[in-house]
Amino acid sequence: MSLTVYAPASMGNVGVGFDLLGGALAPIDGSLLGDRVSISSAETGIHLSLAGHWADKLPQDPKENIVFQCAEFFLDKLNRTDGVKLVLEKNLPVGSGLGSSASSVVAALYALNEYFDRPYEEQALLRLMGDFEGKISGSVHYDNVAPCYLGGMQLMLDAPEKVCDAIPTFDDWYWVVAYPGISLSTAKMRDLLPAQYDKSVAIDFGRYLSAFVHASYRQDPKLAISVLKDVLAEPYRASAIPGYEESRSALSEIGMLTTGISGSGPTLFSITDNLQTAQKAQAWLDQNYVETGKGFSHICKLDTQGTRRED
Ligand code: HSE
């Protein structure tokens, strides 16, 4: 038996929901923006090989690769003595703010769970994904693994029975994402944030996030955009992302509705409901934000399917 799994890129935070909101991404031109993991049988041991555009940035010792560690965990947990052959196709840059580590972890654990006849149900598998991703990013937060696994826009609940749930989305929004080409560590970008916030900031954060969720249910895009504000992370991270602040202003002049940092950056996202405006924004970003040959940009919709088998 052999199978292949695709796990889409994702935006953590989505500006307004630090650690609590995340969206999965699907480029409208159908191009691939997510990692793939293939699994097949081996007599014994774990054999991992790497493929894909961004594979050379990964540790060369397979044992240091999180996909290898996911397989080790599964074989140990299920007391298996046979082995597996894995191929990780690394299609997302590490440290990009596009949920690159989440994509590898989710694809690997989903593939292993399918291969071994689903020993984990959905929520238990999701918790496992959060734990493994936390090993790489330095802390457990589900805002990348949840949308990557389940698709759409996911709100973290962290309730005993449910890690997260999908909220309604604005189907005519285009999400322009641009990755400039540098790598930023999530752990370091988290260290830039203050340990404590003022009461007024806490109230603004609660108001903006609850108003955004409310607007999503009401399908009121104007309200949603007006409250899509990041008071927890952007004020402390923006200056650590070269060109972000200038891009934000330029995108607003082009007519984009709002712009924010995807995850911990350096990828930015910018929203519009007009395809021509999205194309103008993309052209500007390619010219001014993206380093040729190193970065990229895409016009996306939300990926509603999440992780899936491709075989
Ligand atoms: N919520 C996380 C952060 C996402 O902003 O640190 C990291 O991709």
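The values are calculated or read from the model by the stated rules, or taken from the named source; none is laboratory data. Source: prediction; values computed, not measured. Cβ sites come from the backbone with ideal geometry, for glycine too, and all protein chains shown count toward neighbours.
Observations on the structure shown:
- Residue that is more than 16 Å from the ligand (Cβ to nearest atom) and closer than 23 Å to residue 197 by Cβ, where the choices are 247, 252, 239, 210: 210
- Qualifying residue in the range 37-55 (condition: surrounded by fewer than 18 Cβ atoms within 10 Å (Cβ to Cβ), without any contact (Cβ under 8 Å) to a residue 24 or more places away in the chain and assigned to a loop (DSSP other than H, G, I, E, B)): no
- Every residue from the range 17-36 that is among the aliphatic types (A, V, I, L, M), within 12 Å of the ligand (Cβ to nearest atom) and not in a strand (DSSP E or B): 20
- The set of residues from the range 140-162 being farther than 25 Å from residue 309 by Cβ and more than 10 Å from the ligand (Cβ to nearest atom) comprises 140, 155, 157, 158, 159, 160, 161.
- Residue within the range 166-175 that is surrounded by fewer than 20 Cβ atoms within 10 Å (Cβ to Cβ), of a type in the set (Val, Ile, Thr), in a loop (DSSP other than H, G, I, E, B) and away from the ligand (no atom under 13 Å from the Cβ) present: yes
- Residue within the range 72-83 that is buried (at least 18 other Cβ atoms within 10 Å of the Cβ), in contact with a Gly (Cβ under 8 Å, 6 or more places away or on another chain) and not in a helix (DSSP H, G or I) present: no
- Filtered residues of the range 97-150 (kept if of a type in the set (A, V, I, L, M) and either within 17 Å of residue 20 (Cβ to Cβ) or assigned by TED's automatic domain parsing to the domain that holds residue 182 (or both)): 102, 126, 129, 140, 145, 146, 150
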